[in-house]
Amino acid sequence: MRLLLLTVICYSLLPSFHTYLHRFVDRYVNFYMPCTIQADDLQYTNESCAPSPWIRGSDPITELQIICKNSTVPRSFLEKTPNVEFLRIRNNSLTSIDGMSICQWKRLQWIDADFNSLRKLTNGFLFFCKQLNQLLLHNNKIKEIASDAFIGLKSLRYLDLSSNQITYLDKNVFKPLKKLENLNLNTNRIQIIDIDLFRYNMLIGVLDLSNNDLKTIPSEIFQMLDYLEVFSADNNPKLGSIDIRHPDSLKVLNIANVSQTRVFIPSNVEEAFLNNNQISQIFVEPDNTLFILGLSGNCITSLLLEGSFNNLETLSLSNNPIQLQSISVVKIKTKYPSIKFLFIPTIDDRKAEQMILEAEENQIDLAVGGYSFDDIHSLTYLRFAHFDSINFENYNQKIYITSSVRKYFTNKVKNLIVANTNE
């Protein structure tokens, strides 16, 4: 009798439970898993993408992932899924993309075709994808891009062509992309950048040319890019001088691991990464906004750089031929009034301990001998107040510091280990 009564009560509460469950889901569960479907199932129905019966409603499919040998989508499936906006066809060993098929999704904004085997982008291969906003082609085998490959993509803002085998870019290849804002050409084999390559892409704000075979970059391209904020050309070992005086909008400059000897930093640049060059001198304007400057692995001979650096917070000068015996932290603080993080070359133990104590008094984080605070294994000495920035998973090497600072450092490590253990 009790069991029967309990069953009746539970059954009567089921509608209320169902209502509260949906309220909880609606309020706190804010995620959407993409519909994933095998290509062989496309010709049937989209039932494999149906929402869970526990979750109220039947929202239309907007995000789709296809596991396929080719990217052709049957018309019947297209008609049943008219709201698709995001398409994933990555990791399928595709050698081509059937734009005539997938561009029939009129709301399609985003295509992820990373990690395939595309070798060539043919003329207008996505011509009818008029609303496409992002195109991801990272880590394919692309060697050739037709001059009209991107025709029709008038809405494209983000294009990722990184980790391919591109050696040449026709000067008109990006002409149709009038709204392009972010272009990633990292890790290819590009040797030449034509003066007119970005003539029609004046809205580009992020340009990545890192890890290529560039020898020169025409200064004219910077005159065309009025909205360029982030420019990277690191790891082009043969790349000589770059004239980057023109873009007033530039905020981040990364030209590490190239062949620079002298560098001019535009006044609006806030972060400059110039590590591992042959730089002996840099030029800055008096009203510069620079707050991060990386110059490790160069030919700088003085810790006190020429010019005004009133906003500089982080300065890296490790692995430079700098004589530090007559340098004090007081002089450093006077030269760089906003300094918080400082990396200097290796010095003898006595001088290091003196500078560490001075850094502690002036609330400056000081690293001796390493390239960065992240590379904790290469540091010989360390005075660090902002311990939360360190990755303690790699902490397995003794760091020689003054006794008072070592005690503070050790206690901080213990506290972090205890906190992580309790979690």
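At a glance:
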quantity	calculated
Backbone HN-Hα couplings from phi across segment 226-237 [Karplus 6.51/-1.76/1.60, Hz, Gly and Pro as x]	5, 10, 5, 10, 10, 10, 10, 9, 5, 6, 10, x
Three-way shape call for segment 217-320 based on the alpha-carbon gyration tensor, with the a/c threshold at 1.5	oblate
Cross-link reach list, lysines versus K106, counting only Cα pairs under 16 Å and skipping chain neighbours closer than eight places	K80, K130, K154
M202, M224 arranged by Cβ crowding within 10 Å, fewest neighbours leading	M202, M224
Burial ordering of W105, W110, fewest other beta-carbon atoms within 10 Å first	W110, W105
Members of K141/K171; K215/K340; K141/K238; K238/K333; K238/K340 lying beyond 32 Å, as alpha-carbon distances in this model show	K215/K340; K238/K333; K238/K340
Phi-based couplings in Hz for segment 354-368 (Karplus 6.51, -1.76, 1.60; Gly and Pro marked x)	4, 5, 5, 5, 5, 5, 5, 5, 9, 6, 10, 7, 10, 10, 10
Amide H partners (placed H, <5 Å) of T62, local residues excluded	none
Relative contact order [Cα under 8 Å, 6+ residues apart], segment 31-180, whole percent	16
Listed residues H138, P34, T62: farthest to the positive end of the dipole of segment 31-180 (Cβ charges)	H138
Links that overshoot a 31 Å alpha carbon limit, given the list K120/K251; K179/K251; K69/K251	K120/K251; K69/K251
Euclidean distance of C-alpha centroids, segment 67-81 and segment 287-341, integer Å	58
Alpha-carbon centroid distance for the pair segment 93-147 / segment 154-203, whole angstrom	15
Nonlocal amide H pairs with T346, under 5 Å, H built at 1.01 Å	N319, G369
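Bear in mind these aren't lab numbers, they're just calculated from the coordinates by the rules spelled out. Bear in mind that the values here come from a model prediction, so they are computed numbers and not experimental data. Cβ: placed from backbone, ideal geometry, glycine included. Neighbour counts: every protein chain shown.
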